[in-house]
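Presented below is the structure to which this report refers.
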Amino acid sequence: MKRKKLAADPVTEVNGLSIAKWDDEWKLVPQGFVAPQRKLRHKVGLWAATRGSKFFYIAAAANKRGSGLSGGLARSYVKNSSGDKGWGLKTLRQRSAELDAYVITMDRSPENIKIIGALKKAMMQRHDPEWNRPEAITSAAREASYESRAKR
């Protein structure tokens, strides 16, 4: 008998801190999506695109080549060699002027690099950012929403 795949249990703690405590660590980065953030060059962590309290995109920045969070934020306005072809980043580039950049920073260390992956997963479960979802799922949900509104 096939079993129904259950959704993963939400992560409640990362590295001894509750997700709610980690959520309090987000810091605004003025002009985060339009200007280089040199002070974040040697920091790693998470970065997010938000408007008000709504999260649209969450990404990890654990780059070992020296760009850290600065390089992560730059992906919103500088196309890198990988092409960044994902729907989420394309949408972020188009709307970066209307979004705020937030970061959770950590010093670069092997232990923190491991923490970042678990923290990203937990934050994505908590905030369910629209642009991190596959475009087909988001488009289908939007279309269903339009159809249900039209029937009212």
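Key figures
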{"item": "Surface per residue (accessible, 1.4 Å probe) for the range 11-131, Å²", "result": "55 Å²"}
{"item": "Under the Karplus curve 6.51 cos²θ - 1.76 cosθ + 1.60, θ = phi - 60°, whole-Hz ³J(HN,Hα) for the range 41-46, x wherever Gly or Pro sits", "result": "4, 9, 10, 10, x, 10"}
{"item": "Links that overshoot a 21 Å alpha carbon limit, given the list 43/121; 21/120; 43/114; 90/114; 43/90", "result": "90/114; 43/90"}
{"item": "Sparsely packed trypsin sites (Lys or Arg not before Pro) within the range 38-78, loop by DSSP, other Cβ within 10 Å at most 16", "result": "41, 64, 65"}
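The values are calculated or read from the model by the stated rules, or taken from the named source; none is laboratory data. Predicted, not measured: the structure shown is a model, and the values here were computed from it. A quick note on method: Cβ atoms are made from the backbone with ideal geometry, for glycine too, and the neighbour counts reach across all protein chains shown. Each accessible area value is taken on the protein alone, full model and side chains, heavy atoms only, with ligands, DNA and RNA left out. Shrake-Rupley method; radii C 1.70, N 1.55, O 1.52, S 1.80 Å.
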